[in-house]
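J.: The structure under discussion is supplied below as structure tokens; questions concerning it will follow.
The values are calculated or read from the model by the stated rules, or taken from the named source; none is laboratory data. Remember, it's a predicted structure, so these values are computed and weren't measured experimentally. Here the Cβ positions follow ideal geometry from the backbone for every residue, glycine too, while neighbour counts run over all protein chains shown.
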Amino acid sequence: MGDQAKFSVGGKDVDCAVMKGSVGPDVIDIRKLYGQTGMFTFDPGFTSTASCESALTFIDGEEGVLLHRGYPIGQLAEQSSFMEVCYLLLNGELPSKDELEQFDYTISRHTMVHEQLATFYRGFRRDAHPMAIMCGVVGALSAFYHDSTDIADPLQRRIASHRLIAKMPTIAAMAYKYSIGQPFLYPDNSLSYTGNFLRMTFGVPAEEYEVLPAVEKAMDRIFILHADHEQNASTSTVRLAGSSGANPFACIAAGIACLWGPAHGGANEAALEMLREIGTPDRIPHYIERAKDKDDPFRLMGFGHRVYKNYDPRATVMQSTVREVFDAMKVTDPLFETALRLEEIALNDPYFIEKKLFPNVDFYSGIILSAIGFPTTMFTVLFALARTVGWVAQWNEMISDPGQKIGRPRQLYTGPVQRDYVPVDQR
Ligand code: ACO
């Protein structure tokens, strides 16, 4: 018998098995706790709760480590491609050269969207936030691709996964084009996944679009950095939605809705807006004081993380990518200096040191995306595009698990106890 956690509560001795992963903290299996004691555990923000078993992504927040299927994010970001990382997350191993070519080919054959979907866009206001459009359009895919919504069929699940990964750049680019009043561009499958996305976003039908290799590489790297991140809020949302048997398009739409919030994926938009508001380095101390003031709701956006209590390894890669993009595009942005100085000041301030608040992936991404030409409203859309593979891989992992159950937390009820209904004329 393995390790047991033994404790006594309400006069009852409880024995819970301690489960061990391949690496990371052990977990106490409390599934029988309610049956044995009549008590639930209380953990509203899931700060001490492992919601599932997963073999996809590992994070050591204290050490600033992020591994996908065992491979460190730094190595993947420097040496791999987004397509390869997609294959890795979906299949568990890096592909051979032939497998990668075949996967790339398969994804490229799913890049077009149903022509009728274009009319769906026209129902939105032109000034709609592109994330609002993403929530609607991705959910609507379930109305267009009926032949890949049977979650009990592994082949349909695979096709839905490929469709989602392949169509997301097209859908995201269309959301952008719609907002600026330009015509939609069809995908060009002679380009790479990322090159194709850049062309559909920034190209126009009247001209040839030249994909800048350095920008394509930087964008591909940004996609890799966002591909998956363990059981974060949006991934947990996808899993919870999927646990009821909902179709994959509906589940990913739920993930997109969750990602939109400023405490999650919306932080990249908020971080750049904050840097713009701060402006020059001389104004940083005022904002540092505001971030520390308990009575001020202001927080340093792009700082802090539920899991990382060290430098987010994705932020390190992101910071070096800023310089590469600036060099390739022969541009610069004074906000980068402001961001570097803000990081330096914060990392030397006792408040941020004590609370272990470090830059996260969103702190530098906005500067790069803005240099490439994206408006801030598109930042979270890009995050959703890249995270789709993680959502899909996690959803597949969950559905393939024979012990999978509907996610159904319980609660600590604090409302009125039972009382009798009083007719309205007697109240
Ligand atoms: N600026 C100032 N203070 C902060 C910040 C910040 N960015 N982040 C956390 N703190 C403080 C809190 O006020 C709190 O202080 P207290 O203990 O005195 O009350 C303490 O640090 C712990 O913060 P919590 O909010 O309890 O930590 P939690 O794990 O719940 O939140 C979160 C993590 C949401 C990311 C938080 O750090 C935050 O709001 N950061 C800014 C938004 C952001 O960058 N989000 C992106 C996350 S990464 C991603 O989703 C891709």
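J.: Scanning for something in a loop (DSSP other than H, G, I, E, B), surrounded by 17 or more Cβ atoms within 10 Å (Cβ to Cβ) and either away from the ligand (no atom under 13 Å from the Cβ) or among the aliphatic types (A, V, I, L, M) (or both), does the stretch 345-358 turn up at least one residue?
T.: yes
J.: Something else about it: Tell me the residue from 250, 233, 241, 263 that is modelled with pLDDT under 95 and among the small types (Gly, Ala, Ser), please.
T.: 263
J.: Also: Go through the stretch 303-317 and give me each residue that's farther than 22 Å from residue 292 by Cβ, over 15 Å from the mean Cα position of the chain (by Cα) and either of a type in the set (Asp, Glu) or surrounded by fewer than 20 Cβ atoms within 10 Å (Cβ to Cβ) (or both).
T.: In the first step, residues of the stretch 303-317 are kept if they are farther than 22 Å from residue 292 by Cβ; the result is 307, 313-314, 316-317.
If we keep only those that are over 15 Å from the mean Cα position of the chain (by Cα) as well, we get 313, 316-317.
316 - this is the single residue of the stretch 303-317 that is farther than 22 Å from residue 292 by Cβ, over 15 Å from the mean Cα position of the chain (by Cα) and either of a type in the set (Asp, Glu) or surrounded by fewer than 20 Cβ atoms within 10 Å (Cβ to Cβ) (or both).
J.: Looking at 306, 299, 341, 276 in this structure, which one is assigned to a helix (DSSP H, G or I) and out of contact with any Pro (no Cβ under 6 Å at 6 or more places or on another chain)? Show your work before the answer.
T.: Values: 306 fails: assigned to a helix (DSSP H, G or I); 299 fails: assigned to a helix (DSSP H, G or I); 341 fails: out of contact with any Pro (no Cβ under 6 Å at 6 or more places or on another chain).
One residue alone meets the criteria, 276.
J.: Something else: Are any residues in the stretch 236-253 away from the ligand (no atom under 16 Å from the Cβ) and among the aliphatic types (A, V, I, L, M), and if so, which ones? Steps first, answer last, please.
T.: Here is the first cut: in the stretch 236-253, the residues away from the ligand (no atom under 16 Å from the Cβ) are 239-253.
Selection gives 240, 241, 246, 250, 252, 253.
J.: Name the one entry in 106, 49, 37 that is touching a His at 6+ places or on another chain (Cβ under 8 Å), polar (S, T, N, Q) and on the phi < 0 side of the Ramachandran plot. Spell out the reasoning first.
T.: On the way: 49 fails: touching a His at 6+ places or on another chain (Cβ under 8 Å); 37 fails: touching a His at 6+ places or on another chain (Cβ under 8 Å).
Exactly one residue qualifies, and that residue is 106.
J.: Here's a follow-up. In the stretch 1-41, which residues are more than 18 Å from residue 53 (Cα to Cα), in contact with a Ser or Thr (Cβ under 9 Å, 6 or more places away or on another chain) and either part of a strand (DSSP E or B) or modelled with pLDDT of 95 or more (or both)?
T.: Across the stretch 1-41, the qualifying residues are 9, 12, 14, 41.
J.: Could we say that residue 330 is on the phi > 0 side of the Ramachandran plot, of a type outside the set (S, T, N, Q) and either surrounded by fewer than 20 Cβ atoms within 10 Å (Cβ to Cβ) or within 20 Å of the chain's Cα centre (by Cα) (or both) here? Spell out the reasoning first.
T.: Details: on the phi > 0 side of the Ramachandran plot: yes; of a type outside the set (S, T, N, Q): yes; either surrounded by fewer than 20 Cβ atoms within 10 Å (Cβ to Cβ) or within 20 Å of the chain's Cα centre (by Cα) (or both): yes.
Yes; evaluated as a whole, the condition is true for this residue.
J.: Quick check on this structure: which one of 271, 267, 233 is within 11 Å of the ligand (Cβ to nearest atom), without any contact (Cβ under 8 Å) to a residue 60 or more places away in the chain and under 25 Å from residue 77 (Cα atoms)?
T.: Numbers: 271 fails: without any contact (Cβ under 8 Å) to a residue 60 or more places away in the chain; 267 fails: without any contact (Cβ under 8 Å) to a residue 60 or more places away in the chain.
None of the other options fit; the residue is 233.
J.: So residue 69 fits all but one of (1) on the phi < 0 side of the Ramachandran plot; (2) touching a Leu at 6+ places or on another chain (Cβ under 6 Å); (3) not aromatic (Phe, Trp, Tyr); what number is the exception?
T.: Result: residue 69 fails condition (1) only.
J.: Please indicate, with yes or no, whether at least one residue in the stretch 246-260 is in contact with an Asp or Glu (Cβ under 8 Å, 6 or more places away or on another chain) and buried (at least 22 other Cβ atoms within 10 Å of the Cβ).
T.: Here is the first cut: in the stretch 246-260, the ones in contact with an Asp or Glu (Cβ under 8 Å, 6 or more places away or on another chain) are none.
For the stretch 246-260, residues in contact with an Asp or Glu (Cβ under 8 Å, 6 or more places away or on another chain) and buried (at least 22 other Cβ atoms within 10 Å of the Cβ): absent.
J.: For the stretch 168-243, list the helices (runs of 4 or more DSSP H) that sit wholly inside it and hold at least 3 residues that are within 20 Å of the chain's Cα centre (by Cα) and over 22 Å from residue 109 (Cα atoms); which are they? Give the derivation first.
T.: On the way: elements: 193-202, 213-225, 233-243.
Ranges flagged: 213-225, 233-243.
J.: Just name the residue that is farthest from residue 305 (Cα to Cα) out of those in the stretch 266-275 that are modelled with pLDDT under 95 and touching a helix residue (DSSP H, G or I) at 6+ places or on another chain (Cβ under 7 Å).
T.: 273
J.: In this structure, is residue 168 under 28 Å from residue 88 (Cα atoms) and touching a Leu at 6+ places or on another chain (Cβ under 7 Å)? Please lay out each step first, then the result.
T.: Details: under 28 Å from residue 88 (Cα atoms): yes; touching a Leu at 6+ places or on another chain (Cβ under 7 Å): yes.
Yes, satisfied.
J.: I'm checking my understanding of the structure. Among residues of the stretch 274-287 that are within 25 Å of the chain's Cα centre (by Cα) and away from the ligand (no atom under 11 Å from the Cβ), which one is nearest to residue 65 (Cα to Cα)? Quick ask: steps written out before the conclusion?
T.: Narrowing the stretch 274-287 to residues within 25 Å of the chain's Cα centre (by Cα): 274-276.
After this cut, where a residue has to be away from the ligand (no atom under 11 Å from the Cβ) as well, the list is 275-276.
Numbers: 275: 27, 276: 30 Å.
Looking at the filtered set, the residue picked out is 275.
J.: Does the stretch 83-96 contain at least one residue that is part of a loop (DSSP other than H, G, I, E, B) and more than 19 Å from residue 393 (Cα to Cα)? Break it down stepwise before answering.
T.: Step one: filter the stretch 83-96 for residues part of a loop (DSSP other than H, G, I, E, B), giving 92-96.
Keeping just the survivors that are more than 19 Å from residue 393 (Cα to Cα) gives 96.
Yes, there is a match, as at least one residue in the stretch 83-96 is part of a loop (DSSP other than H, G, I, E, B) and more than 19 Å from residue 393 (Cα to Cα).
J.: Filter the stretch 288-311 down to the residues that are touching an Asp or Glu at 6+ places or on another chain (Cβ under 8 Å) and either more than 8 Å from the ligand (Cβ to nearest atom) or aliphatic (A, V, I, L, M) (or both) and list them by number.
T.: 288, 290, 301, 307, 309, 310, listed by residue number.
J.: Moving to a separate point now. Go through 384, 371, 328 for me and flag whichever is within 16 Å of the ligand (Cβ to nearest atom), touching a residue at least 40 places away in the same chain (Cβ under 8 Å) and not polar (S, T, N, Q).
T.: On the way: 371 fails: within 16 Å of the ligand (Cβ to nearest atom); 328 fails: within 16 Å of the ligand (Cβ to nearest atom).
Checking each option against the conditions leaves just 384.
J.: Can you tell me which residue in the stretch 46-82 is nearest to residue 29 (Cα to Cα), limited to those that are in contact (Cβ under 8 Å) with a residue 60 or more places away in the chain and part of a helix (DSSP H, G or I)?
T.: Looking at residues that are in contact (Cβ under 8 Å) with a residue 60 or more places away in the chain and part of a helix (DSSP H, G or I), I get 73.
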